[in-house]
Amino acid sequence: MSAVENVVIELTELETQLFDILKAVLAKYECKTTLRVAGGWVRDKVLGKQNEDIDITTDNVTGREFAEKVVEYYAETHAEQHRVAVIRADPEKSKHLECARIHILGIWVDFVNLRSEEYNEASRIPTVKFGTPLQDAERRDLTMNALFYNINTGMVEDFLHRGLDDLRAGLIRTPLEPTQTFRDDPLRMLRVARFASRFKFQIHDSIFESMKDSSLLPKLRDIVSQERITHEAQLMLEHPNCQLGINTLVSLGLHTAVIPLPDAWRGYEPRVERAFDGLAMLTTELSSLWTGSASELRLGVSLSAILHPVYGTTTLARMGKKMKETSAVTAVLRDIKMSNREISLVEDILARAAALAGLDMSRLTRGGVGAVLCGMTNDFKHGLIVPALALSRVTLSTQEYAGLLEFIISQHLCSAPGLRVPVNTKELVSLCGLVWGKPVFKVLPALQRRVLAEVFEARVDEASDREEAFRMMIERCGAELAQGLE
């Protein structure tokens with residue numbers, strides 16, 4: 001049966017130019033090589049989507065050998081010098097064959113030869129050999145990722161004879177028997193969850209059946225690095241379909257491999273749903289305060305909603321050479337190799353959401369709400385008010401949450417997160433009639449909260465000369481504030 005499929009792929013001008021160069025290389029050096037684009041690029045092109053990740057396979061020379069011919073040809077015809085970057089084989093990261101990479105026409109292109117992989121139970125590192133297109137297709141994670149685009153002929157090839165059918169049917173299926181596929185590379189289990197949620201595809205029953213094998217999850221934890229597990233999970237949580245991704249992880253029983261904290265997963269679904277519902281309820285005026293990327297926002301809200309039950313608790317965790325009491329949230333995020341920036345973002349979202357949820361929703365005041373919102377934005381955090389408000393929806397009823405949003409808008413508090421107090425801490429203490437020193441440290445946080453509340457209650461934040469208004473307000477009520485805190 002022919003692997004060639006009558007599928008039309010529309011190439012961009014850049015892709016056409018690239019493939020013409022590669023065909024010219026074949027002609028000039030009289031190569032008998034068949035060049036094929038493999039994997040996700042073909043899948044996305046069939047779906048009518050763009051993908052700039054171009055991986056090209058060769059069948060009778062190594063990727064490095066062919067890439068060197070491309071560089072040589074391009075130097076002769078375009079008077080431009082390029083180098084071949086070689087990515088060495090790294091079995092510890094499941095890179096079992098070296099890959100050659102060149103930068104041409106403003107994009108990176110990878111070259112690697114078709115291969116077959118043979119595994120044995122004694123080692124997770126396979127024996128890698130030159131392979132046929134069918135063998136190369138069979139070693140891939142999913143049927144829809146095992147399609148080829150033959151550059152020589154301009155045709156799509158489906159050597160499995162079901163990759164295109166599965167793609168059109170929206171079906172996630174492995175090329176070989178799922179259990180064996182996952183044993184060969186356990187990370188493929190997470191890729192099943194990621195692609196199923198990304199494309200909203202159905203997972204084949206055979207995969208769910210294979211997940212009953214109790215040896216698979218330990219294998220994922222034992223032989224796949226935490227960095228690779230977290231990378232796959234992060235791609236899932238940053239995607240617009242992140243809620244579906246989380247549910248898919250749980251349905252496959254993979255969630256504790258991503259966040260190994262069972263307590264955090266109890267009742268996760270309504271928390272995540274309410275947090276994203278809260279995000280959707282924000283007005284444009286509020287949601288526009290987030291200036292970071294949408295993917296970072298989704299990641300922060302997802303992780304914060306999952307870890308919400310353990311916020312405020314501590315655990316013993318290794319800090320350098322010592323075991324120290326630390327935040328449970330920070331400990332688990334550090335264990336799964338999240339960056340310090342991401343850990344800080346999640347901790348801050350949880351802290352701010354807790355402060356918002358702690359407001360008396362039956363008696364909201366401009367001073368109380370403004371003081372809580374103040375400081376929820378800066379250059380690093382991109383506007384914490386947005387994810388913090390979304391997460392506060394986890395504990396607030398729909399009526400309470402809607403009332404809070406309406407209050408913020410009606411009281412013109414959307415600018416409160418970015419308010420900068422034009423009085424430094426020492427000056428504040430002095431204006432309140434206190435003496436700077438150790439004793440004042442005990443009352444300083446409370447003093448700052450009271451001052452902020454007074455600032456917003458007196459609408460100093462709306463004054464034309466804000467600095468002068470600050471000073472007058474603090475001088476007027478500073479002594480009273482100080483006396484109340486002593």
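Annotations
- Report summary: the helix-based calculation at 222 nm, which adds -39500 (n - 2.57) for every DSSP H run with n ≥ 4 and divides by the residues of the chain, gives -15500 deg cm²/dmol.
- Surface accessible to a 1.4 Å probe, residue 341 within the full protein complex, Å²: 90 Å²
- Across 136, 185, 205, the residue with the most accessible area heads the list, and the full order at a 1.4 Å probe is 205, 185, 136.
- Average projection, convex hull of the Cα set of the stretch 313-374: 5.2 square nanometres.
- Taking 0.36 nm per residue of sequence separation and removing the Cα-Cα distance, the residue 200/residue 291 pair yields an extension gain of 30.0 nm.
- What separates the Cα centres of the stretch 211-279 and the stretch 341-392 is a distance of 26 Å.
- Only alpha carbons enter this Debye calculation for the stretch 310-464, each as an equal point scatterer, and the log10 of I(q)/I(0) it gives at q = 0.12 Å⁻¹ is -0.65.
- Per-selection Kirkwood Rh - the chain (Cα, Å, 1 d.p.): 26.3 Å
- The distance between label points at residue 227 and residue 426 comes to 4.5 nm (points 7 Å beyond Cα on the Cα→Cβ vector).
- Less than 5 angstrom separates the built amide H of residue 155 from those of 150, all sequence-distant by 5 or more or on a different chain.
- When the residues 227, 342, 406 are ordered by accessible surface, computed with a 1.4 Å probe over the protein chains alone, the sequence from largest down reads 406, 227, 342.
- Amide H to amide H, with H built 1.01 Å from N, residue 172 comes under 5 Å of 202, 203, 204, counting only residues 5 or more places away or on other chains.
- Per DSSP, loop chymotrypsin sites (Phe, Trp or Tyr not before Pro) in the stretch 317-413 with at most 12 further Cβ within 10 Å: 380
- Label-point separation, residue 410 to residue 323 (7 Å along Cα→Cβ), nm: 5.4 nm
- Nearest-10 value in Å² for the accessible area of residue 225, using the 1.4 Å probe: 40 Å²
- Accessible area ranking (1.4 Å probe, heavy atoms, ligands and nucleic acids excluded), largest first, for 291, 230, 425, 398: 291, 398, 425, 230.
- With DNA, RNA and ligands ignored, accessible area of residue 53 (1.4 Å probe; Å², nearest 10): 90 Å²
- Share antiparallel - DSSP beta bridges, the chain, percent rounded to 5: 80 percent
- Volume per residue that the Cα convex hull of the stretch 8-93 spans, once the total is divided by residue count, Å³: 122 Å³
- GluC sites (Glu not before Pro) restricted to the stretch 50-83 and DSSP loop, no more than 11 other C-beta within 10 Å: 80
- Length-normalised contact order for the stretch 110-231 - Cα pairs under 8 Å, 6+ apart - percent: 19 percent
- Sparse-neighbourhood loop sites, trypsin sites (Lys or Arg not before Pro) in the stretch 251-282 - DSSP loop, at most 12 other Cβ within 10 angstrom: 266
- For the stretch 1-79 versus the stretch 402-418, the inter-centroid distance based on Cα atoms is 55 Å.
- Residue 16-residue 256 pseudo-label distance in nm [points 7 Å out on the Cα-to-Cβ vector]: 5.5 nm
- Sequence-ordered 3J(HN,Hα) estimates for the stretch 157-174 from the Karplus curve with 6.51, -1.76 and 1.60 and θ = phi - 60° stand at 10, 10, 6, 7, 6, 8, x, 5, 4, 5, 5, 5, 7, x, 10, 8, 8, 8 Hz, glycine and proline given as x.
The values are calculated or read from the model by the stated rules, or taken from the named source; none is laboratory data. What you see is a predicted model; the values in this text were computed from it and never measured. We place every Cβ from the backbone using ideal geometry, glycine too, and count neighbours over all the protein chains shown. Only protein heavy atoms, including side chains, enter the accessible area calculation; ligands, DNA and RNA are left aside. Shrake-Rupley method; radii C 1.70, N 1.55, O 1.52, S 1.80 Å.
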